[in-house]
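Here, each number is a calculation from the coordinates, and none is a lab measurement. None of these values were measured; they are calculated from a predicted model. Don't worry about glycine lacking a Cβ; one is built from the backbone with ideal geometry, like all the others, and counts go over all protein chains shown.
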């Protein structure tokens, strides 16, 4: 399989800094409002777990890039596990006690993994019905920030849905989680994740992996917190997506 080049001529349009117009559409899948993008003829699928801020332009643009920007095309599904009530981006980073309280409450209720994880098999099962052949040949999973934790837990020892997984600027990095991962797994870290935790996570992986820190980028640079008016962010945003597409093409 050739590498993903993310060339504009191959189908990846220039990154739009403001006012992005999403290429996909919203559908109800397993009872959840879900952003769906990519060609209906795609044989492979990616489940994207957004960050706590929900459907942001930068995150939707990332999903569109994943769907069509390489030789391998994907159908990409991004469900709204928060059911229209994401966290407010002004809460992060928390600058007041009120912000800290609201973030803590959000993580303990709407974003609690025991609430989210049981919904994923149903999403995959129903999304498979949209495949041209009745079922996608393979699934990968990608999570941003908080979603990285969900992706990591999903591809643990009980996984039988996903052939590859990845997390970008992951929240709550726990090296012990890596021990349970059973499929090829990528981690793209920012300058804000504790490097010791990222290194220990990699050391505990027992599967093919790609672990890389993007030292000029903040937590969230590939999703809602991406400042796409900054040329350095755009460069690393594009490089991050190319890295993920290379990884998924190779392993799923």
Relative contact order [Cα under 8 Å, 6+ residues apart], segment 8-251, whole percent: 19 percent
Three-way shape call for segment 94-202 based on the alpha-carbon gyration tensor, with the a/c threshold at 1.5: oblate
GNM flexibility winner over the chain from 235, 179, 44 (Cα, springs under 10 Å): 235
Sum of -39500 (n - 2.57) over DSSP H runs of 4+, divided by residues of the chain (222 nm, nearest 500): -10000 deg cm²/dmol
Relative contact order [Cα under 8 Å, 6+ residues apart], segment 94-221, whole percent: 19 percent
Distant alpha-carbon pairs in segment 10-131 (separation over 16 angstrom), percent: 64 percent
Rounded to 5, the percent of DSSP beta bridges in the chain classed as antiparallel: 25 percent
Extension gain from residue 23 to residue 97, taking 0.36 nm per residue of separation minus the Cα-Cα distance: 22.8 nm
Approximate spin-label separation residue 218-residue 89, in nm, with each point projected 7 Å along Cα-to-Cβ: 1.0 nm
Gain in span if fully extended, residue 196 to residue 71, counting 0.36 nm per residue against the direct Cα distance: 41.5 nm
The chain: C-alpha gyration tensor shape, a/c 1.5 cut-off, then a/b vs b/c: rounded
Listed residues 147, 240, 134, most fluctuating in the chain (Gaussian network, C-alpha, under 10 Å): 134
Max mean-square fluctuation residue, GNM over the chain, Cα-Cα springs under 10 Å, options 96, 109, 37: 96
Gyration tensor verdict on segment 121-167 (Cα atoms; rounded if a/c is under 1.5, prolate if a/b is larger than b/c, oblate otherwise): prolate
Per-residue Cβ neighbour rank within 10 angstrom, fewest leading, 187, 28: 28, 187
